[in-house]
């Protein structure tokens, strides 16, 4: 998408789009109602600023047609049976808009349907695959189904490093649309957009109180050099957290498998697994030890020693990462 094409696309979105829905519902980590308000009002007042798309967005634009072809192959369809569609507005609520990735043409009496394509970064792909984290994606598809009045849609989640695409069929959920989605969007439009009243941003407190800096002064560094390093750190931290969460989940799956079959040990597939009850080990009752020493007229402090000095690497980040302690020098 060229700069001019992107500008025309943004200027044409004079309402609530599919990507805005999870933010309004509070289901997105990429922003909330306040960010949607800023974007929608800027469009309505012809103040659209076209920024360069982020790397994930550029990547998605490149991979989308590849994902569409992969989806067609998986469904034994010719690529001519899916096509782009111009933006549509809801017939009853014209401020609700939808730009779908592809329209799936009717075949053998099934359809038409919507194809929503997602090409997330590896951490998000793994969380979708292993934890089923698709709530925000489903909200977008339900919004599109309500506007196009189609009975169903498909969610295709693609990553080029994985052989299998995640392919999910989503049926139109009228109960969710009528009782959750539309009331929320109507309220947002009538109580915030129309009167030009920006929603207050939620401010989650940090999980821990940041201690006062000791042994030096805090330096404010807003250089690009520092920002680049922090960006890499955040990316690796997110990947580490995701990998650990998935590994923990897979360990639980293996444990459940063994428990269901009353196994305490198993060998196969190139591994040996031991999973049996183990008696608790012995440990010191420090309170009793302290009481005994005091009864003998001895000070507990005499049995303490000074540990060697260290330099902990502590990172206090935003509300998505909360608090991290990572290693010592």
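Figure legend. Inter-residue proximity from the range 172-188: first residues part of a helix (DSSP H, G or I), second residues surrounded by fewer than 14 Cβ atoms within 10 Å (Cβ to Cβ) and at pLDDT 95 or above, beta-carbon distance below 9 Å, spacing 6+ or different chains. Indicated pairs: 182/92.
Residues checked against (1) surrounded by 13 or more Cβ atoms within 10 Å (Cβ to Cβ); (2) at pLDDT below 90; (3) in contact with a helix residue (DSSP H, G or I) (Cβ under 6 Å, 6 or more places away or on another chain); (4) closer than 19 Å to residue 133 by Cβ:
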| residue | (1), (2), (3), (4) |
| --- | --- |
| 4 | no, yes, no, no |
| 9 | yes, yes, no, no |
| 17 | yes, no, no, no |
| 26 | no, no, no, yes |
| 29 | no, yes, no, yes |
| 41 | yes, no, no, no |
| 51 | no, yes, no, no |
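Checking each residue in the range 254-283 for being under 22 Å from residue 129 (Cβ atoms) and either loosely packed, with under 10 Cβ neighbours inside 10 Å or modelled with pLDDT under 95 (or both) picks out 269, 271.
Of the residues screened, residue 244 is not one that is touching a strand residue (DSSP E or B) at 6+ places or on another chain (Cβ under 9 Å) and either under 19 Å from residue 122 (Cα atoms) or surrounded by 11 or more Cβ atoms within 10 Å (Cβ to Cβ) (or both). For residue 312, the criteria (1) at pLDDT 90 or above; (2) farther than 30 Å from residue 254 by Cα; (3) under 37 Å from the mean Cα position of the chain (by Cα) hold in every case but one, which is (1). Quick one: in the range 299-316, of everything that is outside any strand (DSSP E or B) and touching a helix residue (DSSP H, G or I) at 6+ places or on another chain (Cβ under 9 Å), which residue is surrounded by the most Cβ atoms within 10 Å (Cβ to Cβ)? By that ranking, first place goes to 300.
A single member of 218, 206, 181 is closer than 27 Å to residue 131 by Cα and either modelled with pLDDT of 90 or more or loosely packed, with under 11 Cβ neighbours inside 10 Å (or both), and it is 181. Scanning the range 63-81 for residues that are touching a residue at least 24 places away in the same chain (Cβ under 8 Å) and surrounded by fewer than 14 Cβ atoms within 10 Å (Cβ to Cβ) returns 66, 74.
The values are calculated or read from the model by the stated rules, or taken from the named source; none is laboratory data. Everything numeric in this text was worked out from a predicted model, so none of it was measured. A quick note on method: Cβ atoms are made from the backbone with ideal geometry, for glycine too, and the neighbour counts reach across all protein chains shown.
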